[in-house]
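Chemist: Structure incoming, see below.
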Amino acid sequence: MEDGEDPDDSPPAADAPVRKIIHVDMDAFYASVEQRDNPALRGRPVAVGGSSRRGVVAAASYEARKFGVRSAMPSITAKRQCPDLIFVPPRFEAYRDISHQIRAIFRDYADEVEPLSLDEAYLDVSRDKAGLGSATATAKLIRRRIREETGLTASAGVSYNKFIAKLGSDQNKPDGITIIPPGKGAAFVQTLSIRRFHGIGPVTAAKMEGLGVFSGADLAAKEMAWLSGHFGNSAEWLHNLARGIDHRRVRSNRPLKSLGGERTFFNDLIADTEIREALAHVCTVVWDRAAKKGARGRTVTLKLRYADFRTITRAKSVPFAIPDGAGLLAVGEAILAPLLPVEQGIRLLGVTLSKFEGEEDSGEAAGPVDLLSLI
């Protein structure tokens, strides 16, 4: 489930007005920024990421996607599928600046704005803040302003809940808008592949397909008892999605739950000294980002991916907030020490900082993770 249980996500009263939700999603955001800023890249297949043997695609232009190039794909695979692919290094500061510009536009039309990442957000426009008369008119004006003020395009979904609005923004990409009014949501959802359902990952989708559930209609046909037997606590959530039901609220000012960074290496790291050096580098980057946000946490999580792609995570919490970069590295070293020496090389190392000051240990589901890939 995308968000955890929340008291505000309970079903609305029967006489409550229908909510008006917009999901705005920038089109191939990183790649589009690069094409905007470099005219030589326009109309050409572009991948943002590292071009080395160990590089990973962070984003792909629509010209590259025609060849099957996708984010998180190894760069060597992407180049094989699209020999003319142009790699450009990421410029995360530029992307963040544009994201802030876009969010400022959102706040002209909605008080409740819930960013999911740099390039997408939910807006609750149930209150017609700008006096435009409808959610559809609001979404159209937002898209027009994004194009005029940034030179980029965005797609939008307009509906009565978050789940369907997000599905809608993906329906007519790029540079499209989809409106799914109340009364049409269930029918719309049931036409889609369950692999389109936001919140159903590849593993769950494969399990569903193995059980004969390929579409929203197939899912809607299953009884609650069957869903409970196969999917446990997720049964009610899946039952509702198949019927276009989603009570989650748009929640602005969601607290950052964690931030981190990870690095994929050109050559596997074998020696203890080079692994420790890599840890120090990633910790430095993570602490710099935490310091900029004024975030001081108590829990450090170390992620290692070995040469055979086996991935492990180990975490350690300390009684008080880590005061500085040296403290972060010290905790990271304490986690790493028992894992050395390694039998296989390390191809990826990541560090995440969490349990920030002021955060209660309430067991609440985690909010967004601010993770920077150090390509």
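The values are calculated or read from the model by the stated rules, or taken from the named source; none is laboratory data. Note that this is a predicted model, so its numbers are computed, not measured. All Cβ positions, even for glycine, are placed from backbone atoms using ideal geometry, and neighbour counts span all protein chains on display. Accessible surface areas use protein heavy atoms only, side chains included; no ligands, DNA or RNA. Shrake-Rupley method; radii C 1.70, N 1.55, O 1.52, S 1.80 Å.
Chemist: Give the residue that is nearest to residue 27 (Cα to Cα), with candidates limited to residues of the stretch 167-189 that are touching a Phe, Trp or Tyr at 6+ places or on another chain (Cβ under 8 Å) and surrounded by fewer than 23 Cβ atoms within 10 Å (Cβ to Cβ).
Modeler: The extreme case among them is 174.
Chemist: Here's something else I'd like to know. Do you know which of the residues in the stretch 185-210 that are assigned to a loop (DSSP other than H, G, I, E, B) and at pLDDT below 95 is nearest to residue 22 (Cα to Cα)?
Modeler: At the first step, the residues of the stretch 185-210 found to be assigned to a loop (DSSP other than H, G, I, E, B) are 191-192, 197-201.
Those still in the list that are at pLDDT below 95 too: 197-201.
Details: 197: 17, 198: 15, 199: 18, 200: 21, 201: 23 Å.
Among those that are assigned to a loop (DSSP other than H, G, I, E, B) and at pLDDT below 95, it is 198.
Chemist: Separate question: Within the stretch 44-76, which residues are out of contact with any helix residue (DSSP H, G or I) (no Cβ under 8 Å at 6 or more places or on another chain), open to solvent by 40 Å² or more (accessible area, probe 1.4 Å) and within 19 Å of residue 92 (Cβ to Cβ)?
Modeler: Listed by number, the residues that qualify are 71, 72.
Chemist: Taking residue 143 as meeting all but one of (1) under 28 Å from residue 68 (Cβ atoms); (2) in contact with a helix residue (DSSP H, G or I) (Cβ under 9 Å, 6 or more places away or on another chain); (3) charged (D, E, K, R), write down the number of the exception.
Modeler: It fails just one condition, (2).
Chemist: With 192, 219, 152, 141 as the choices, which residue is surrounded by 15 or more Cβ atoms within 10 Å (Cβ to Cβ) and either touching a residue at least 60 places away in the same chain (Cβ under 8 Å) or basic (Lys, Arg) (or both)? Give the steps one after another, and end with the answer.
Modeler: Details: 192 fails: either touching a residue at least 60 places away in the same chain (Cβ under 8 Å) or basic (Lys, Arg) (or both); 219 fails: either touching a residue at least 60 places away in the same chain (Cβ under 8 Å) or basic (Lys, Arg) (or both); 141 fails: either touching a residue at least 60 places away in the same chain (Cβ under 8 Å) or basic (Lys, Arg) (or both).
Selected residue: 152, the only one of 192, 219, 152, 141 that is surrounded by 15 or more Cβ atoms within 10 Å (Cβ to Cβ) and either touching a residue at least 60 places away in the same chain (Cβ under 8 Å) or basic (Lys, Arg) (or both).
Chemist: Only one of (1) farther than 11 Å from residue 347 by Cβ; (2) within 24 Å of the chain's Cα centre (by Cα); (3) modelled with pLDDT of 85 or more fails for residue 256. Which number is that?
Modeler: (3)
Chemist: Before we move on, is residue 225 open to solvent by less than 50 Å² (accessible area, probe 1.4 Å), part of a helix (DSSP H, G or I) and farther than 30 Å from residue 147 by Cα? Write out each step before concluding.
Modeler: Numbers: open to solvent by less than 50 Å² (accessible area, probe 1.4 Å): no; part of a helix (DSSP H, G or I): yes; farther than 30 Å from residue 147 by Cα: yes.
Answer is no for this residue.
Yes or no, residue by residue, for (1) over 24 Å from the mean Cα position of the chain (by Cα); (2) of a type in the set (D, E, K, R):
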residue: 236; (1), (2): no, yes
residue: 242; (1), (2): no, no
residue: 274; (1), (2): yes, yes
residue: 302; (1), (2): no, no
residue: 312; (1), (2): no, no
residue: 318; (1), (2): yes, no
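Chemist: While we're here: Checking the structure you have, find out if any residue of the stretch 112-123 is in contact with a Lys or Arg (Cβ under 6 Å, 6 or more places away or on another chain) and either within 19 Å of residue 181 (Cα to Cα) or open to solvent by 70 Å² or more (accessible area, probe 1.4 Å) (or both).
Modeler: The answer is yes; a qualifying residue exists.
Chemist: Six or more apart or on different chains, Cβ under 8 Å: which pairs go from a residue in the stretch 308-321 that's among the charged types (D, E, K, R) to one that's assigned to a loop (DSSP other than H, G, I, E, B)? Could you list them?
Modeler: Matching pairs, first to second residue: 308/344; 310/344.
Chemist: Just the residues that are of a type outside the set (A, V, I, L, M, F, W, C), out of contact with any Lys or Arg (no Cβ under 8 Å at 6 or more places or on another chain) and surrounded by fewer than 16 Cβ atoms within 10 Å (Cβ to Cβ), please, taken from the stretch 82-111. Working first, answer last.
Modeler: Initially, the stretch 82-111 is screened for residues of a type outside the set (A, V, I, L, M, F, W, C), giving 83-84, 89-91, 93, 95-97, 99-101, 103, 107-109, 111.
In the following step, the residues that additionally are out of contact with any Lys or Arg (no Cβ under 8 Å at 6 or more places or on another chain) were identified as 83, 89-91, 93, 95-97, 99-101, 103, 107.
83, 89, 91, 93, 96, 97, 100, 101, 103, 107, listed by residue number.
Chemist: Mind listing whichever residues of the stretch 141-180 are acidic (Asp, Glu) and in a helix (DSSP H, G or I)? Show your work before the answer.
Modeler: Here is the first cut: in the stretch 141-180, the ones acidic (Asp, Glu) are 148-149, 170, 175.
Within the stretch 141-180, 148, 149, 170 meet the criteria.
Chemist: Which residues, counting only those in the stretch 89-107, are in contact (Cβ under 8 Å) with a residue 24 or more places away in the chain, over 23 Å from residue 47 (Cα atoms) and not polar (S, T, N, Q)?
Modeler: Result: 105, 106.
Chemist: Among (1) of a type in the set (A, V, I, L, M, F, W, C); (2) in a loop (DSSP other than H, G, I, E, B); (3) within 30 Å of residue 143 (Cβ to Cβ); (4) without any contact (Cβ under 8 Å) to a residue 40 or more places away in the chain, there is one condition residue 213 misses while meeting the rest; what is its number?
Modeler: Condition not satisfied by residue 213: (3).
Chemist: OK, next. Which of the residues spanning the stretch 27-48 are among the basic types (Lys, Arg) and without any contact (Cβ under 8 Å) to a residue 60 or more places away in the chain?
Modeler: Pass one, the stretch 27-48, residues among the basic types (Lys, Arg): 36, 42, 44.
Residues satisfying the conditions are 42, 44.
Chemist: Still on this structure, I have one more. Of the residues 199, 176, 157, which is without any contact (Cβ under 8 Å) to a residue 24 or more places away in the chain, out of contact with any Cys (no Cβ under 6 Å at 6 or more places or on another chain) and not basic (Lys, Arg)? Reasoning before the result, please.
Modeler: Numbers: 199 fails: without any contact (Cβ under 8 Å) to a residue 24 or more places away in the chain; 157 fails: without any contact (Cβ under 8 Å) to a residue 24 or more places away in the chain.
Checking each option against the conditions leaves just 176.
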